[in-house]
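Worksheet for the structure shown next.
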Amino acid sequence: MEKLREAAFLSVGRAVGFSGLAIFTFMIGLSIRPVVALKAGGVALLILLFALLYKAYRLPFTDYRNTETWLILDKRDRPDERFAGMVIITALREAYLWFARWAAGLAAILWAAVFVLGLLGIGSDFSV
């Protein structure tokens, strides 16, 4: 079952990694205005958070054979068909919620930085 868990984290982690790269690149593009970049990153991470939570919510309605996790697993590492759906959905839900917690934490850090910069009077001339 450890191979299944690794496959679930790999498939979700790859998608979150590409999303994180896009968010980071977007923030770098806005780095001329640091507060705006932090706000944009915070909003983008919240969107990512809600997307992950939505995907975790929709898992019971998903056919496990159409998931990337199922396709990543070797034929010999796949669980028995009788309980494969439950096991894969459980592993994917764990992965989605783990990455969602990290997205929420990073969004909180960015918004805290915006708050602190606002208290210091930095970036108050332009708001988003």
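Table for the structure above
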quantity	calculated
Candidates 103, 15, 95: whichever shows maximal mean-square fluctuation once the chain is modelled as a Gaussian network with Cα springs under 10 Å	15
Hz values of 3J(HN,Hα) by residue in segment 87-104 - Karplus curve (6.51, -1.76, 1.60), Gly and Pro given as x	5, 5, 5, 5, 5, 5, 4, 4, 5, 4, 6, 5, 5, 5, 4, 5, 5, 5
Most mobile listed residue (39, 55, 75) in the chain, GNM with C-alpha springs under 10 Å	75
Reachable lysines from residue 3, criterion Cα separation under 24 angstrom, eight or more residues apart if same chain	55, 75
Over the chain: Kirkwood hydrodynamic radius from C-alpha pairwise inverse distances, Å	16.2
Contact order relative to length of the chain, as percent, for alpha carbon pairs under 8 angstrom and 6 or more apart	41
Range in the chain, longest, excluding exposed chymotrypsin sites (Phe, Trp or Tyr not before Pro) [loop by DSSP; at most 13 other beta-carbon atoms within 10 Å]	1-82
DSSP-loop GluC sites (Glu not before Pro) across segment 1-108, with at most 12 other Cβ within 10 angstrom	81
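FYI, it's all coordinate maths here, none of it is from the lab. It should be emphasised that the depicted structure is a prediction, and the values quoted were computed from it without experimental measurement. With ideal geometry, Cβ positions are generated from the backbone for all residues, glycine too; neighbour counts draw on all protein chains shown.
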